[in-house]
Amino acid sequence: MKKQNPIDIEGTVTESLPNAMSQACPDNGCQVLTHISGKIQRNYIRILPGDRVRVELSPYDLTKGCTTYRLRSKQTNSNH
């Protein structure tokens, strides 16, 4: 049986929880409980409230997902 494709959405982290979990609010307004993917954990990328993230939602349960990418902020550091 073929594995279902995950649903990719973008949203904002609203709360950081223990055990590499967080609450994210996608652009459609509902709350999603997400865990951080292993690649983000391995590279010590910190996910803080207010960060924009890309989340893969499970097609079976749309309230749970996996944070796969932390989007870069629009701010630039001009210390040149």
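The values are calculated or read from the model by the stated rules, or taken from the named source; none is laboratory data. Small disclaimer: the values here were computed from a predicted structure and weren't measured. Using ideal geometry, Cβ is built from the backbone for each residue, glycine included, and neighbour counts are taken over all protein chains shown. What goes into the accessible areas is simple: the full protein's heavy atoms, side chains included, and nothing from ligands, DNA or RNA. Shrake-Rupley method; radii C 1.70, N 1.55, O 1.52, S 1.80 Å.
A compact table of results
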quantity: Residue list for the range 18-55, restricted to those being closer than 14 Å to Leu71 by Cβ, outside any strand (DSSP E or B) and of a type in the set (A, V, I, L, M, F, W, C); calculated: Ile40, Ile45, Ile47, Leu48
quantity: Filter result (among the polar types (S, T, N, Q) and farther than 11 Å from Ala20 by Cα) within the range 36-65; calculated: Asn43, Ser58, Thr63
quantity: Filter result for the condition that a residue is in contact (Cβ under 8 Å) with a residue 60 or more places away in the chain, open to solvent by 70 Å² or more (accessible area, probe 1.4 Å) and part of a strand (DSSP E or B), over Glu10, Glu15; calculated: Glu10
quantity: Members of the range 18-46 that are among the β-branched types (Val, Ile, Thr) and buried (at least 16 other Cβ atoms within 10 Å of the Cβ); calculated: Val32, Thr34, Ile36, Ile40
quantity: Pick from the range 47-76, criterion of a type in the set (A, V, I, L, M, F, W, C) and open to solvent by less than 40 Å² (accessible area, probe 1.4 Å), ranking: farthest from Ile9 (Cα to Cα); calculated: Ile47
quantity: The range 7-36, residues that are hydroxyl-bearing (Ser, Thr, Tyr) and over 9 Å from the mean Cα position of the chain (by Cα); calculated: Thr14, Ser16
